[in-house]
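Enquirer: Here you go, one structure.
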Amino acid sequence: MISPEELQEIKLFLALLFPWDEHHDHLYKTVSWTFVGKDGGTSFANYAAQSLDDLMKLIETRARRAAANVYVALGTQKMASIEAFSNDGFPKAIRKHNNIASFKSIYLDIDVGKDGAYATTEDAFAALDDFCLRCSLPDPTMEIYSGSGGLHVYWCTVEPIPYPDWLPLANALRDAALGYKLKCDPQVTVNPAGILRVPNTWNHKKQPPTKVRLYREDGHSFPRYSYQQLVSVLSPYMGNQNIHQGNTTNNARTNNFTAGVSESTAPPVSIDDVAVNCMVIDDILDRGGNGDPEPV
């Protein structure tokens with residue numbers, strides 16, 4: 001059961017993450033959660049709401065379900081299904097790249113407690129602080145303990161950023177993190193249809209489950225930034241088409257594999273364009289990732 005105080009924290013999280021004014025109240029926000037499928041494996045459900053009250057209801061009711069890991073999609077969506085609905089009336093979400101409208105944050109998923117990750121959450125915080133200092137990034141708006149030791153870190157904006165403007169900014173944050181060799185999942189940062197955990201829900205990846213927490217230091221004011229402020233800070237990394245690598249091993253094999261291959265200057269390709277010619281990608285997008293691995 002989520003306490004009244006915890007519900008208020010979830011409302012704060014959602015208020016910072018999405019636009020709620022009259023110009024954006026038509027947009028959909030998606031809640032994703034895990035459940036045990038008929039084959040005994042873990043499956044994902046993705047349903048959407050438009051108002052803050054409905055989104056809170058969707059989160060609260062799904063968080064009560066047995067062993068449910070609860071997430072939100074970080075980009076708002078233009079449409080939801082008009083044919084498929086949950087038993088309590090929520091439309092099925094359409095988590096496809098070409099349905100994304102806008103974002104109010106850029107974010108990092110910092111890894112802890114597994115191969116190639118930080119040993120402790122304290123180490124992750126220390127690395128984050130140093131990364132922000134060296135890249136001149138402002139204080140994060142929110143830091144979420146993921147329940148597995150990792151951190152979800154958000155820089156939220158005052159106004160929503162249209163998806164075409166958000167993507168170069170997200171790519172720049174990823175490249176800055178990779179350049180620093182921050183131990184994070186770079187794909188999470190640039191995935192427009194990506195999801196991250198909701199605070200005050202449970203992480204069931206291990207037993208016993210652990211609570212996802214919003215980090216709240218005394219005096220923290222949850223600062224928000226303008227799009228131009230973030231562009232100014234990350235401008236050294238914007239437009240960078242080079243492929244970055246963090247800590248690597250077996251470079252001899254990598255160098256041999258790429259010998260004679262010149263650097264590509266081709267522009268990035270939309271995943272939706274790939275889906276037209278790739279049945280595997282088309283199936284994944286059509287399911288909204290249901291049944292596929294998701295971030296911690």
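Enquirer: Hey, can you rank 151-157, 204-210 by average C-beta count inside 10 Å, highest first?
Expert: Top of the packing list down: 151-157, 204-210.
Enquirer: Separate question: Please give the contour-minus-distance gain from residue 215 to residue 43: 0.36 nm per residue of separation, less the Cα-Cα distance, rounded to one decimal in nm.
Expert: So the extension gain works out to 59.0 nm.
Enquirer: At 0.36 nm per residue, and after removing the present C-alpha to C-alpha distance, how many nm does the segment from residue 114 to residue 79 gain when stretched out fully?
Expert: This chain segment gains 8.9 nm when fully extended.
Enquirer: Just to be sure I understand the model, the point goes 7 Å from the Cα along the line to the Cβ. What's the resulting residue 65 to residue 226 distance in nm?
Expert: 4.3
Enquirer: May I pose another question? Which order results if 112, 158 are arranged by neighbouring Cβ count within 10 Å, fewest first?
Expert: Fewest-to-most Cβ neighbours within 10 Å comes out as 158, 112.
Enquirer: Students often forget the sequence filter, so: which lysines lie under 24 Å Cα-Cα from residue 211 once same-chain residues fewer than 8 apart are removed?
Expert: Output for residue 211: 11, 29, 57, 114, 183.
Enquirer: How many angstrom lie between the Cα centre of segment 1-43 and the Cα centre of segment 101-169?
Expert: 19
Enquirer: Considering every Cα-Cα pair within segment 4-245, what fraction, in whole percent, is farther apart than 26 Å?
Expert: For segment 4-245, the fraction of Cα-Cα distances above 26 Å is 37 percent.
None of the figures in this text is laboratory data; all of them are computed from the coordinates on show. Small disclaimer: the values here were computed from a predicted structure and weren't measured. Note: ideal-geometry Cβ built from the backbone for every residue, glycine included; neighbour counts use all protein chains shown.
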